[in-house]
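**Student:** Quick one: the structure is below, and I'll ask about it shortly.
The values are calculated or read from the model by the stated rules, or taken from the named source; none is laboratory data. Owing to the predicted nature of the structure, the values given are computational and were not obtained by experimental measurement. A quick note on method: Cβ atoms are made from the backbone with ideal geometry, for glycine too, and the neighbour counts reach across all protein chains shown.
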Amino acid sequence: MTSDRERFTTIYDECRQRVWAYVVSRAGRQVADEVVSETFAIAWRKFDQMPRNALPWLLGVARNVLRDTIRAEARREGIQREMRAWITADVADHVAERLGVLKAMARLSQDEREILVLVAWQGLSPKDAAKVLGCSVPAFRVRLHRARKRLRAELESLMLSQPRLVEELS
Amino acid sequence: MNPMEELRAARPAHLTGGPVDPRTRQAELVHAFAQPTQVPRRGRKALTWGLGLASAAAAAVTAVALAVGSAPVVSPGAPDVAAEPVTLSAREVLLVAATSAERRPAEAGDYWHVSSRSRGLHPVNEGFVISIEQESESWVGAEEQWGSSRTLAVKPATDADRAAWEKAGSPRELTFAGRKRIPIKESAEQPHIRHARAQEIFWLGRNVTMSDLRSLPADPAALKADLLRFYEGKDTESDAPMAEDAWLFRVTEGLITDMPVSPEVLAAAFRMLADLPSVTSLGRVTDAAGRPGTAIAIADISQRKPGDTAKGVLQVRLIIDEKAGRALARESVVVKPGGLQAGLEPGTVWSTHTILETGWTDEHP
């Protein structure tokens, strides 16, 4: 094995599950393996362009693969199914707060949800998250601010109907 | 708690990471490394293969120089695209196939059913090349078997061959291999079904029975030793000398493509091939049925009879779906014309044998 291959394998091991988690949070589990596999195939093809900080770049590649290979409708259905699974899986925990915030996530738009996932679940800095989305850092900050506000608003409206929420899910 | 912290805490457990499933990891890395890492070289025509009859002309004209023993570069189904360099070794591909084969469930049934299609080229004495396409199916039980086969077409292989045939007055019957006469058939004939009571029905360098297949060792070294008991340093079809690797490849490709062996024996066969140094990988290809796979190959000498000096060189390819752990097809390509391939251009796909279906069933025709 050449040293390039070793380096690539190390990056794969570090980033694979995070790329997978990102794809799942965008389009659900069913297409995730396929998209991840294609993402790393492209990454190897473009290995000479891969920056040292590989994760944001890989997420950007995965984002393009998703857009180019999975129909918008399939992505939407996939993520709806996925979010139902998140919520039902967590019913067992009986943690109302977690349920509430996941339910609130489900009410956001795809773009808003993506921004929050990149920051809260992927732990990216605004600078790295902006790279994934291909926008400027100031523009990202504005969008993040809006998404957080929307999340808070949805969460509050859900809090008011909490009893109904639990009923709905049981 | 602020909403962002709540959100962070609410990340579903399965999205928090953990190790990748080792098989997924292996398959994904293999897939990635099968990709070219550099700009393809220009000015080098790709070899077209695994082709239907209509594009057979492309095979004859899109000849590339194939170096024996090296891994030539193949970009199937896209004749205008420059060839892609391939970095994946045959060993890696075969080891993945072995792992996948082991995962396959052991199946059962009364009859082993195989359905396949084949196509071969034959230079005829009239000065051009014809192709013969056939379809066959078999149902093999412990003591009896059924076979169904039909010729789909016997006709000039390429447009140029057709022109030559027409120029010769479109004879309905042609001569090849010195004296055999063969009629032109432009449409498929009815299937012809045969039934036989026989036990020795598979070929492993010798005729073997279903129970011989069941007793094959599931260890690669033991399997190799078992098969080599019947190797005498010569070709399976003639007395011409044949190298051990080439002989093992020929015997094992049958075992892998269409014989009812257990998942463990199949895996051992893949591993045994993985250890043969003269087997090379040709990278991603498409078989004659349009299915993607990875081709591994070995060089083979072609001569009509021992001592024949007009020897040719063929590249014998096994197309495998390594993720499914099975073989899709075997094909042979002319590297150096000679022997049975005298008169054909280098790069011509001389024969294809495409396995459409294999499996156990309780029914027979």
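**Student:** Please name all residue pairs, on different chains or six or more residues apart, with Cβ atoms under 8 Å, provided the first residue is in region A:38-63 and is among the small types (Gly, Ala, Ser) and the second residue is part of a loop (DSSP other than H, G, I, E, B).
**Tutor:** Matching pairs, first to second residue: A:41/B:34; A:41/B:35; A:43/A:50; A:60/A:134.
**Student:** I've got another one for you. Which residue is farthest from residue A:109 (Cα to Cα), if the candidates are limited to region A:39-56 and must be crowded, with 16+ Cβ neighbours inside 10 Å and more than 8 Å from every other protein chain (Cβ to nearest Cβ)?
**Tutor:** Within region A:39-56, the match that is farthest from residue A:109 (Cα to Cα) is A:50.
**Student:** Which numbered condition in (1) more than 14 Å from chain A (Cβ to nearest Cβ); (2) modelled with pLDDT of 80 or more; (3) under 17 Å from residue B:293 (Cβ atoms); (4) out of contact with any strand residue (DSSP E or B) (no Cβ under 7 Å at 6 or more places or on another chain) is the only one that residue B:30 fails?
**Tutor:** (1)
**Student:** Assess whether residue B:114 counts as being among the hydrophobic types (A, V, I, L, M, F, W, C), touching a residue at least 24 places away in the same chain (Cβ under 8 Å) and closer than 30 Å to residue B:208 by Cβ.
**Tutor:** Criteria met by residue B:114.
**Student:** It is to be established whether one or more residues within region B:178-189 are hydroxyl-bearing (Ser, Thr, Tyr) and more than 28 Å from residue B:137 (Cα to Cα).
**Tutor:** no
**Student:** Then there's this: Restricting attention to region B:328-342, which residues are farther than 26 Å from residue B:290 by Cα and among the hydrophobic types (A, V, I, L, M, F, W, C)?
**Tutor:** Of everything in region B:328-342, those that are farther than 26 Å from residue B:290 by Cα and among the hydrophobic types (A, V, I, L, M, F, W, C) turn out to be B:340, B:342.
**Student:** When residue B:344 is evaluated against the numbered criteria (1) within 23 Å of residue B:255 (Cβ to Cβ); (2) more than 16 Å from the chain's Cα centre (by Cα); (3) not in a strand (DSSP E or B), which criterion, by number, is the only one it fails?
**Tutor:** It fails just one condition, (1).
**Student:** While we're on this one: Looking at region A:53-170, what helices (runs of 4 or more DSSP H) fall wholly within it and have at least 2 residues that are at pLDDT 90 or above and hydroxyl-bearing (Ser, Thr, Tyr)?
**Tutor:** Filter on region A:53-170 gives an empty set.
**Student:** Here is a further query. Go through region A:2-38 and give me each residue that's closer than 23 Å to residue B:36 by Cβ, hydroxyl-bearing (Ser, Thr, Tyr) and within 9 Å of chain B (Cβ to nearest Cβ).
**Tutor:** Hits for region A:2-38 are A:2, A:9, A:12, A:37.
**Student:** Search region B:1-15 for residues being among the hydrophobic types (A, V, I, L, M, F, W, C) and farther than 17 Å from residue A:112 by Cβ, and hand back the single one that is nearest to the other protein chains (Cβ to nearest Cβ).
**Tutor:** If we take residues in region B:1-15 being among the hydrophobic types (A, V, I, L, M, F, W, C) and farther than 17 Å from residue A:112 by Cβ, then B:15 is nearest to the other protein chains (Cβ to nearest Cβ).
**Student:** Continuing with the same structure: When you go through (1) outside any helix (DSSP H, G or I); (2) surrounded by fewer than 20 Cβ atoms within 10 Å (Cβ to Cβ) one by one for residue B:99, which number turns out not to apply?
**Tutor:** The single condition residue B:99 does not satisfy is (1).
**Student:** So is residue B:282 assigned to a helix (DSSP H, G or I) and not β-branched (Val, Ile, Thr) or not?
**Tutor:** So residue B:282 does not fit the description; no.
**Student:** Considering only region B:231-253, I want to know if a residue exists there that is closer than 16 Å to residue B:99 by Cα and not in a helix (DSSP H, G or I).
**Tutor:** no
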